[in-house]
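Step one of this worksheet: look at the structure below.
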Amino acid sequence: MTPSVSMKTQLGLRHGTDASRQWYARASAVLAGGVSSSARSSTTGDLPYPLYITRGDGSHIWDADGNEFIDYLLSYGSVILGHQDGGLTEAATAQLNAGTMFGTCNTLEVELAEQISHMVPGADLVRFSNSGSEAICGAIRAARGFTGRTKILKFEGHYHGWVDVLAVSNRPGEKEAGPLDHPISQPHSRGIPHGIVDDVLIAPWNHRDSVRQILDEHESELAAVILEPVVANNACTMPEAGFLEFLRDECTRRGVLLIYDEIVTGFRLARGGAAEYFGIRPDLIIWSKAIGGGFPVSAFAGRRDIMTPIAANTVKHGGTYNGNPFCAAVALAVLRKINQPGVLESIHRHGDELMDAIRKSARHHGVPCCVQGMGGMFQVVFTADGKPLRHYRDLLKTDARRYGIFRQALLERGVHINSSGSACWFVSAAHGCDDASGGADLSYTCAAIEEAMALCAAA
Ligand SMILES: Cc1ncc(COP(=O)(O)O)c(C=O)c1O
C-alpha cells in the first residue's frame, strides 16, 4: 500500500519543533519538571522536550508548530470516538448551556449508571469519580470494607494509578524486584509509606504456581486480587488461556474478591469490557478513559452485596465532582454511541489491519518482534525470539532501542504513538471512517509502518 500523495505532503514533523521547544522552556519555569504528570516527562522520545498539541479533529492532531499527525495515542485511549466527535460536542454544549454543576443529585448520573449496568455484566451498583486513580481508591475501600481484610494482591508491572494505595511494583528494576516467582513489593516512588507497601503483595502475571502459593500464605488477610485484564501498561500483554478462569476459581474458593481494573479496557475490548470479552466475571470493576471520551470521568461498580456497605454509608466514598451533570452528559453520549452496532467492530477491524501490517512488514524485513493485544489496543514488542510477553520481567528484556527507532520514524512520517514501548497504540471510531481524512488513515499508516520497519532492520 502507498500513502496518499496529499497526506504524504501534509503529515509529520514538516514545520520543525521550535514552538514546542519554546513552550517547554516556559513550562519548565512554572510547572514542576515542565509537566503536569510525571509520566509525560518520558513521552518525548528523541526530542529533549515534548510536543505541545494544540488541536485535534477526528483521528488527527496538530502541534504548536502546525505539524499534523494521525493520533494513535488518543490520550491513552480516552478519546475513543476521535477528537471533536459531533454527538459528544453536542451533549457537552447543551450541558454547558444548562449549567455544569449543582452539587446535588442529578438525573444524568442516574441515566449513566443505568447505561453502565445495562452494558456490563455484574455492574449491579455504580459509583462515579473523576480519575482512574480515584476510582481505584473507591473500589479498594469497598473491597476492604466488605471483606474486613486489608491486603491486596496485584501483579508486577500492572499500573493502578499514582496514588499510594497501589503504587507498588509498577516498574521495579530487575535487581530490587526479587525472584520472578516471589517478587518483593517495591514502592513506585519516594513518599509512599512502608505500611502501604506491606499491604500490597506482588505476583508475576500468568504464573499460576506463584499466585497459588501467595494465596495459600495470605488467604485470611487478603481482601482482593486486582489486575489489568489486558495489561495496557505492559505493552498489551494478554492473559494466557485459562489464567483468568484460574484466578476466578481461586478467589471464589477463598472468599477473596476479584477486581478488574478496566480503566483502559473498559468499553473498548467489548461493550461489556473484559468481563464480556473473556467471559469471566469479576466482583468489582473500575473504569475511566474511554467512558469519558476525553473528559474526566471514572466509575467503579460491582456485585450488589459488595457495594451495599457503600450504599448503607458504612463504607464512605465521596467527591465534589462525582457524577456531575456535565461529565455525565458527555459519558452518556459516549456510551450510547459505543453501544450502537458496528462502532466497536469498526475500531477492532481497523486495529486488526494495523496489527497485520506491522507483522507483515516485520516478516518482510526480517525483524524479530511480536504484535500483541487486540484490535482497539495493541503494541509491537521487539523480543529476540518473536514470542509474546508472559509477564513484566519479559518486558524488561525487549529491545527498547529498536522501539525508539520505530517510533521516531513513525513520528517523522506523521504517525503519533506513545514513545514508551511499554504502553500501546489505540484506535478510535474516527480512524478509517469514510469522512474527512479518516478513510486514508489506514493505508497511510501501513505505508509508514513499512518504511519505519525498514529503518529498524537497518539499525
Ligand atoms: C490500567 C490503569 N489503571 C489506572 C490508571 C490511573 O488512571 P488516572 O491516570 O486517570 O488516575 C491508569 C492510567 O493510565 C491505567 O492505565
Cα-based shape type of the stretch 268-364, given that a ≥ b ≥ c are square roots of the gyration tensor eigenvalues and the cut on a/c is 1.5: prolate
Determine the percent antiparallel among the DSSP beta bridges restricted to the chain, to the nearest 5. 60 percent
Just to be sure I understand: of the beta bridges DSSP finds with both ends in the stretch 86-338, what percent are antiparallel, rounded to 5? 40 percent
What dipole magnitude, in Debye to the nearest 20, does the stretch 86-338 give about its Cα centre under +1 on Lys/Arg Cβ and -1 on Asp/Glu Cβ? 460 debye
With runs of 4+ DSSP H residues as the only contributors, calculate the mean residue ellipticity of the chain at 222 nm using -39,500 (n - 2.57) per run, divided by the residue total and rounded to the nearest 500. -12000 deg cm²/dmol
Which order results if W23, W162, W287 are arranged by neighbouring Cβ count within 10 Å, fewest first? W162, W23, W287
Proxy reagent accessibility, fewest Cβ within 10 Å first, across I196, I140, I263: I196, I140, I263
Report the charge-dipole magnitude of the chain in Debye, nearest 20, computed about the Cα centre from +1 at each Lys and Arg Cβ and -1 at each Asp and Glu Cβ. 460 debye
Expressed as a rounded percentage, what relative contact order does the chain have, with Cα pairs under 8 Å and six or more residues apart? 23 percent
Only sites in a loop by DSSP and with at most 16 other Cβ atoms within 10 Å count here; which trypsin sites (Lys or Arg not before Pro) in the stretch 169-226 make the cut? K175, R190
Along the charge dipole of the stretch 86-338, pointing to its positive end and built from +1/-1 on Cβ of Lys, Arg, Asp and Glu, which listed residue (N97, G132, S169) has its Cα farthest out? N97
Normalised by the number of residues in the stretch 86-338, what is the relative contact order in percent for Cα pairs under 8 Å and 6+ residues apart? 31 percent
Hey, how many Å between the Cα centroid of the stretch 90-123 and the Cα centroid of the stretch 159-186? 36 Å
Averaging sequence separations of C-alpha pairs under 8 Å and six or more residues apart, then dividing by the length of the stretch 131-209, give the relative contact order as a whole percent. 32 percent
Could you name the aspartates and glutamates whose alpha carbon sits less than 13 Å from that of K360, not counting residues in the same chain fewer than 8 places away? D352, E450, E451
When R303, R26 are arranged by how many other beta-carbons sit within 10 Å of their Cβ, fewest first, they go R26, R303
From the Cα gyration tensor of the chain, with a ≥ b ≥ c the square roots of its eigenvalues, which class applies: rounded if a/c is under 1.5, or else prolate if a/b is larger than b/c, or else oblate? oblate
The stretch 86-338 shape via C-alpha gyration tensor axes, a/c threshold 1.5: prolate
Per the charge dipole of the stretch 8-87 (beta-carbon charges, Lys/Arg positive, Asp/Glu negative, Cα centre), the residue among P50, I61, G12 reaching farthest to the positive end is P50
Would you list, by chain and number, the aspartates and glutamates whose Cα falls below 16 Å from the Cα of K316, excluding same-chain residues fewer than 8 positions away? E134, D305
Computed from the beta carbon distance with a Förster radius of 35 Å, FRET efficiency for V163 and R336 to the nearest 0.05 stands at 0.70
Using alpha carbons only, how many angstrom separate the centre of the stretch 207-263 from the centre of the stretch 314-393? 21 Å
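Read the figures in this text as sums done on the coordinates, not as results from a lab. Just so it is clear, the structure is predicted and the values come from calculations on it, not from any experiment. With ideal geometry, Cβ positions are generated from the backbone for all residues, glycine too; neighbour counts draw on all protein chains shown.
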